[in-house]
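Down below is the structure, laid out as structure tokens.
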Amino acid sequence: MRSVPLRSFNDFLGFGARYSIPKECKWNGRMVSNLIYYQSNYFLLSLIIIMLLRALNPIPVITGLLVICLPLMILLFLDTQTLNTINQPKILVPVCIVIAMLLIRFISGIIFFFCVLLVPVLSKFQCEITIVIKISSMPSCPL
């Protein structure tokens, strides 16, 4: 599998970019071709946004990540073990109570963690019109 090379800033968002509104029948094709052509740039932009938000508020992001991942790791561990935990409520009920208390206690960190993950996605949706009307500099653009 080959990764797509990074495109230049002027080609991606710069002043040298060309724009035109496509016909309705070419709307989806233009969006898909531009997303494929600039996929490395969008991935890098998403990583930069996530790292920036993580650097600005590290504690809520880390607590949200831990509170989401720890119960999943515990459930995965219990699933791989041969213990019959379903028939042993002495183990299962306290684990469920602790998980529920963690979720309630750190709900703000969890919400912030999901917001950090959603910001790049929402910025992509915000740029959807720009993606569609942008004429990429692909040599064989079928538009």
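Every number here is computed from the coordinates shown, using simple stated rules; none is lab data. None of these values were measured; they are calculated from a predicted model. Cβ: placed from backbone, ideal geometry, glycine included. Neighbour counts: every protein chain shown.
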>> Please compute the length gained on full extension between S8 and Q39, using 0.36 nm multiplied by the number of residues separating them and subtracting their Cα-Cα distance.
In response: 9.9 nm
> What is the distance, in nm, between label points placed 7 Å from the Cα along the Cα-to-Cβ direction at L103 and at N57?
Replying inline: 2.1 nm
> What's the exposure ranking of D11, D79, going from fewest to most Cβ atoms within 10 Å?
Replying inline: D79, D11
